[in-house]
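To start, the structure itself, in structure tokens.
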Amino acid sequence: MKVIKSVSDMAVKASRLVQGGKRISFVPTMGNLHEGHLSLMRMAKPMADILVVSIFVNPLQFEPGSDFDTYPRTFQEDLKKCEDLGVDIVFAPMESDLYPEGFQTMVEVSEVSKGLCGDFRPGHFKGVATVVLKLFNIVKPRVAVFGEKDYQQLCVIRQMVKDLNLDIQIVGHPTVREPDGLAMSSRNQYLSPEERVRAALLYKLLKEAQERFEKGERRAQALITHVQTGLAKDPKIAVEYVSIRERDNLKTIDVVDKPAVMALAVHIGKTRLIDNIFLTS
Ligand code: AMP
């Protein structure tokens, strides 16, 4: 496994690989790798000849006052996990190399970035789209895998790829969960043991809503109210949003008569958690 830290070295290496007829698959991450990330890599590995994983905690996607400084950084452990998994190249650029002085271009995917997390994390999806486009240009993948856990992010990337005519296949990977249903996330480790127990409620309520949908409930508000009422019973959980959107374009929906996604974001103590579930008949 090669570890490349320089942007220009990665770009040259990727160009040589592509010129030599190799197809690159790509999994961008912020490191602190857990089973969710590793599943994405396992999916991406057989999709091309060379698997590249990036590890970069992207300052552009953290709002002021959020957890950029404290975000868990575990580079050596991450490298070991990548090596064991058969990753060919880990690309871990320095911030100053990816965003040199004078950097000023941002990518904005206007509609899909609005609502849901977009309302609570101003500038977040601009930061995500910008870094992902830069990484795509440097790594030159034919296919890239993203987690459905960050469903709005996946929609933003798909829209950007479509709008900007990028020749890259975007593949979504189902959310990987802990045994009690909590979606795996680097931020779960911020939870106290007591908060960690409470966090299982998120997926439990999403599953209940999905079951109600499967039994015939089609009113979005009825399903949302079920989840909101359940969350409100725990005084330590502060809800940001619970919403049902069309699955493919994230437009709001009153009657769930087409494929949809139910998404939520909450705070448990200082930790912000997101999750979602599909509603499809
Ligand atoms: P992050 O390191 O949080 O930026 O995540 C890197 C990639 O891993 C993104 O595409 C995430 O959606 C994906 N990911 C993170 N957690 C999970 C999970 N529990 N299940 C599936 N994918 C995940």
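About its Cα centre, what dipole magnitude does the stretch 41-143 give when the only charges are +1 on Lys and Arg Cβ and -1 on Asp and Glu Cβ, stated in debye to the nearest 20?
360 debye
Rounded to the nearest 5, what % of the DSSP beta bridges within the chain are antiparallel ones?
Rounded to the nearest five, the antiparallel share is 50 percent.
In deg cm²/dmol, rounded to 500, what helix-only [θ] at 222 nm does the chain give when every DSSP H run of at least 4 residues adds -39500 (n - 2.57) and the total is split over its residues?
My calculation for the chain gives -11500 deg cm²/dmol from helical runs alone.
Note down the nm distance, to one decimal, between modelled labels 7 Å out along Cα→Cβ at D69 and at E111.
So the label points at D69 and E111 sit 4.0 nm apart.
Between the helical axis of 75-85 and the dominant principal axis of the chain, each derived from Cα atoms, what acute angle in degrees is found, rounded to the nearest 10?
For helix 75-85, the angle is close to 90 degrees.
Based on alpha-carbon positions alone, could you give the equivalent ellipsoid semi-axes of the stretch 57-113 from the gyration tensor, as √(5λ), descending, whole Å?
Three semi-axes, in Å: 26, 15, 14.
For the chain, find the longest principal axis of its Cα atoms and tell me its angle to the long axis of helix 124-139, 0 to 90°, nearest 10.
Rounded to the nearest ten degrees, it is 30.
Picking from Q228, Q104, Q169, which is most flexible by a Gaussian network model of the chain using Cα springs under 10 Å?
Q104
If packing is taken as the mean number of other Cβ atoms within 10 Å per residue, what is the order of 140-151, 214-225, highest first?
By packing density, highest mean first, the sequence is 140-151, 214-225.
Put +1 on the Cβ of every Lys and Arg and -1 on every Asp and Glu Cβ in the stretch 2-173; which of H173, Q76, V143 then has its Cα farthest towards the positive end of the dipole?
Final value for the positive-end residue is V143.
Just order 61-73, 37-49 by mean Cβ neighbour count inside 10 Å, highest at the front, would you?
Packing proxy ranking, top to bottom: 37-49, 61-73.
Amide H to amide H, which residues 5 or more places from L279 or on other chains are under 5 Å from it, using H placed in the peptide plane?
A260, V261, M262
Using a Förster radius of 35 Å, what is the FRET efficiency between D97 and D180 based on their Cβ-Cβ separation? Nearest 0.05, please.
Calculated value: 0.30.
In whole Å, what is the distance between the alpha-carbon centres of the stretch 55-82 and the stretch 173-200?
So the two Cα centres are separated by 18 Å.
Give me the net charge of D97's neighbourhood, meaning all other residues with Cβ under 13 Å from the Cβ of D97; Lys, Arg count +1, Asp, Glu -1.
My count for the surroundings of D97 gives -1.
Would you please give the FRET efficiency between V3 and F278, computed as 1/(1 + (r/R0)^6) with r the Cβ-Cβ distance and R0 = 22 Å, to the nearest 0.05?
Calculated transfer efficiency: 0.05.
Can you check how the C-alpha radius of gyration of the stretch 3-59 compares to 2.2 N^0.38 Å, as a plain ratio?
1.19
R198: net charge of surrounding residues, Cβ under 12 Å, Lys/Arg +1, Asp/Glu -1, itself excluded?
0
Once you charge only the Cβ atoms, +1 for Lys and Arg and -1 for Asp and Glu, what is the size of the charge dipole of the chain about its Cα centre, to the nearest 20 debye?
Dipole of the chain, to the nearest 20 debye: 460 debye.
For the chain, what's the radius of gyration and Dmax over Cα atoms, in angstrom?
That works out to 19.1, 59 Å for Rg and Dmax.
Around K13, with a cut-off of 15 angstrom between Cβ atoms, what is the net charge of the other residues, counting Lys and Arg +1 and Asp and Glu -1?
Around K13, the charge tally is +2.
Bin by bin, in steps of 5 Å, what percent of the Cα pairs in the stretch 186-275 do you find, going until the bin that has the longest distance?
Answer for the stretch 186-275: a P(r) of 3, 14, 26, 23, 16, 11, 6, 2 percent.
What ranking do 84-95, 199-210 get when scored by the average of other Cβ atoms within 10 Å per residue, highest first?
Per-residue Cβ counts within 10 Å, averaged per peptide and sorted highest first, yield 199-210, 84-95.
Please compute the Cα-Cα pair-distance distribution of the stretch 72-210 with 10 Å bins starting at 0, giving whole percents from short to long.
Pairs per bin, as whole percents: 9, 29, 39, 20, 3.
Normalising by the residue count of the stretch 186-275, find the relative contact order in percent from Cα pairs under 8 Å and 6+ residues apart.
Normalised by residue count, the contact order of the stretch 186-275 is 30 percent.
Read-outs: derived from the displayed coordinates by stated rules, not from any lab. Just so it is clear, the structure is predicted and the values come from calculations on it, not from any experiment. Note that we place each Cβ from the backbone using ideal geometry, even for glycine, and neighbour counts take in every protein chain shown.
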